[in-house]
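This report refers to the structure that appears directly beneath it.
The values are calculated or read from the model by the stated rules, or taken from the named source; none is laboratory data. Fair warning: this is a prediction, and the values are worked out from it, not measured in the lab. Backbone-built Cβ (ideal geometry, glycine too); neighbour counts: all protein chains shown. We work out accessible area using only protein heavy atoms, side chains counted, and drop any ligands, DNA or RNA first. Shrake-Rupley method; radii C 1.70, N 1.55, O 1.52, S 1.80 Å.
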Amino acid sequence: MPTKTRRRPTLSRKSRRRRDLAWTAVAAGAGFAASKGTQLLMNKSFERTRGMKPPRDPLARRTSWTKVIGWSVATAVVVAVAQVAAQRGAASLFERATGHRPPRS
C-alpha cells in the first residue's frame with residue numbers, strides 16, 4: 001500500500017512575502033544576538049585567562065601580528081559557529097510556528 005504524502009497548503013504571494021520578511025527578521029536577529037553574545041563571552045574569557053584585554057586595534061604598534069591574527073581567527077571561527085547554531089535553532093522554531101520551512105536565502 002503506497003504511503004500518503006502530506007501536502008502543505010500553498011501560500012499566496014502576499015503570505016509568501018510576509019513569511020520571507022518574517023524569516024529575514026528572525027534570522028538576522030538570531031545571528032546578531034549570537035555574534036554579540038559570543039564576542040562578549042570571548043572578550044571576558046580572554047581577560048580572565050590572560051589578565052589583559054584582547055587586542056582590538058590591529059593598527060596599534062604595541063600589538064604583535066601574531067596576537068592580532070590569532071585573536072581575529074579565533075573570534076571569527078567561534079562567532080561563525082554560534083551564528084549558524086542560532087540560525088538553525090531559529091529555523092526549527094520558525095518551522096514549528098508556521099508549518100513551513102524558512103525560505104532559502
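Descriptive notes on the structure:
- Tally of residues being within 25 Å of A85 (Cα to Cα) and either small (G, A, S) or at pLDDT 90 or above (or both) across region 8-20: 0
- Subset tally (residues that are open to solvent by 70 Å² or more (accessible area, probe 1.4 Å) and either touching a Pro at 6+ places or on another chain (Cβ under 7 Å) or farther than 23 Å from V84 by Cβ (or both)) for region 31-50: 3
- In the set (1) surrounded by 10 or more Cβ atoms within 10 Å (Cβ to Cβ); (2) not in a helix (DSSP H, G or I), G70 fails one condition alone, (2).
- A28 being open to solvent by less than 90 Å² (accessible area, probe 1.4 Å), out of contact with any Cys (no Cβ under 9 Å at 6 or more places or on another chain) and within 30 Å of F94 (Cβ to Cβ): yes
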